[in-house]
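Student: Below is a structure I'd like to ask you about.
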Amino acid sequence: HRVEQLSGYFTAASGGTVYTGDAFPPEYVGDIFTGEVAGNLIRHDKLTPKGATFEAHPAKAGVEFLASTDVWFRPCNFTNAPDGNLYMLDFYREVIESPEYIPDAIKKFIDFHRGDDKGRIYRIVPNHPLRHGDLKVNLGSASIPDLVKQLENSNGWNRETAHRLLLERQDRSAAPLLADLARKSPKPQARLQALWTLEGIGGLEPDLVMTALRDPEPHIREHALRLAEEFLPQ
């Protein structure tokens, strides 16, 4: 008497990724894309705040972002890229179920290795890109000032990569530049990343946290409370 639901339900959600690029129209920024490898489709959701977390709603009711009639189509991961577009990884396998969940009478007719030499990478590009970017962005050789400037870049890949490189280098000469960015940047995202990068290289000062606690952007004030904890008496 077991009833299994499929329609309207995810059974194998994979690779949920928030789009942070700058090639898509602005209304896509902050949306989440999720692969459904069992349903051969890609879901596109809008995220809206709900209390301390978020809630997802379909971007278009009754319509998936991408749905394939190819039963081997297995979208399992996504990534934001230097060119501002979204890239999708297709696992591309005939069978994704584990053999232990398939009855022995059926299992003997299945080749579970079919497709293990395959796979696809899709570049998802809008019809009218806001930017025609390049994949060859060598931030690894960028100077400290240039990396700090990248925290204001409109493309999320550039911001996150610059943030990572600054943390890896642990160069305290970045501290005054980051502090200036945290105080003066017109972009809340840049002010926030500058604060956390300072914390990561050991250059965060109490007066800057106090400034952040008075920031007009509520999310920065929220993060400033977290950053203030390290200055509390033990």
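Student: By the scheme Lys and Arg +1, Asp and Glu -1, what is the net charge of all other residues having a beta-carbon under 12 Å from that of T79?
Tutor: On the way: positive: R123; negative: D83, E160.
So the environment of T79 carries a net charge of -1.
Student: Take M210, M88 and sort them by solvent-accessible surface of the protein heavy atoms, 1.4 Å probe, largest at the top.
Tutor: Working: M210 100, M88 5 Å².
Descending order: M210, M88.
Student: At q = 0.07, 0.08, 0.16 Å⁻¹, what base-10 log of I(q)/I(0) does the Debye formula yield for the chain when every alpha carbon is treated as an equal point scatterer in vacuo?
Tutor: -0.34, -0.43, -1.15
Student: Could you state the angle between the C-alpha long axis of helix 188-200 and the longest principal axis of the C-alpha atoms of the chain, as a value from 0 to 90 degrees rounded to the nearest 10?
Tutor: The angle comes out near 80 degrees.
Student: In straight Cα distance, which lysines are under 24 Å from K136, not counting same-chain residues fewer than 8 positions off?
Tutor: List returned: K149.
Student: In the stretch 144-220, carbon and sulfur make up what percent of the accessible area (probe 1.4 Å)? Write down the numbers at each step before the final one.
Tutor: Details: 2050 of 3740 Å².
Answer for the stretch 144-220 is 55 percent, counting heavy atoms of protein chains only.
Student: Which value, in debye to the nearest 20, describes the size of the charge dipole of the stretch 1-56 about its Cα centre when Lys and Arg Cβ atoms bear +1, Asp and Glu Cβ atoms bear -1, and nothing else is charged?
Tutor: Details: 4 positive and 7 negative charges, 41 e Å.
It comes to approximately 200 debye.
Student: Sum -39500 (n - 2.57) across every DSSP H segment of at least 4 residues in the chain, then divide by the residue count to get the 222 nm mean residue ellipticity, nearest 500. Mind dumping the intermediate values first?
Tutor: Numbers: 7 runs with 67 residues, N = 234.
Value at 222 nm, helices only: -8500 deg cm²/dmol.
Student: Counting other Cβ atoms within 10 Å of each Cβ, which GluC sites (Glu not before Pro) in the stretch 1-44 have at most 14 and sit in a DSSP loop? Write down the numbers at each step before the final one.
Tutor: Details: sites: E4, E27, E36; in loops: E4.
Taking the stretch 1-44 and a limit of 14 other Cβ atoms within 10 Å, the loop GluC sites (Glu not before Pro) found are E4.
Student: For K50, give me every one of the lysines with a C-alpha distance below 22 angstrom, ignoring sequence neighbours fewer than eight places off in its own chain.
Tutor: Counting by Cα, and skipping residues close in sequence, K50 has these lysines nearby: K60.
Student: Under unit Cβ charges (Lys, Arg +1; Asp, Glu -1), what dipole magnitude, rounded to 20 debye, does the stretch 44-126 have relative to its Cα centre? Each step should come with its number before you reach the end.
Tutor: Details: 11 positive and 13 negative charges, 44 e Å.
The calculated dipole for the stretch 44-126 is roughly 200 debye.
Student: How large is the Kirkwood hydrodynamic radius of the stretch 1-57, counting all unique pairs of alpha carbons, in Å?
Tutor: Numbers: mean 1/r = 0.0767 Å⁻¹.
Result for the stretch 1-57, one decimal place: 13.0 Å.
Student: If amide H atoms are built 1.01 Å from N in the plane of the peptide, which residues on other chains or at least 5 residues away come under 5 Å of the amide H of G21?
Tutor: Here G156 satisfy the definition.
Student: Based on the Cβ-Cβ distance from K50 to V125, what FRET efficiency comes out when R0 is 35 Å, to the nearest 0.05?
Tutor: The calculated FRET efficiency here is 0.65.
Student: Something else: Just the accessible area per residue of the chain, please: how many Å² with a 1.4 Å probe? Walk me through the numbers before you get to the answer.
Tutor: On the way: 14360 Å² over 234 residues.
Accessible area per residue: 61 Å².
Student: For helix 175-184, report the angle its Cα long axis makes with the longest principal axis of the Cα atoms of the chain; keep it between 0 and 90° and round to the nearest 10°.
Tutor: Rounded to the nearest ten degrees, it is 80.
Student: Within the chain, what is the longest stretch that has no trypsin sites (Lys or Arg not before Pro) placed in a DSSP loop and near at most 10 other beta-carbon atoms within 10 Å? Walk me through the numbers before you get to the answer.
Tutor: Details: sites that count: R2, K60, K108, K136, R214.
So the longest stretch without any such site is 137-213.
Student: If we count chymotrypsin sites (Phe, Trp or Tyr not before Pro) as exposed when they sit in a DSSP loop and have at most 12 other beta carbons within 10 Å, what is the longest stretch of the chain that avoids them all?
Tutor: The answer is 110-234.
The values are calculated or read from the model by the stated rules, or taken from the named source; none is laboratory data. Predicted model only: the values in this text are computed from it and were never measured. Because the Cβ atoms are built from the backbone with ideal geometry, glycine has one as well, and the counts that use them run over all protein chains shown. SASA here: full protein model, heavy atoms, side chains in, ligands and nucleic acids out. Shrake-Rupley method; radii C 1.70, N 1.55, O 1.52, S 1.80 Å.
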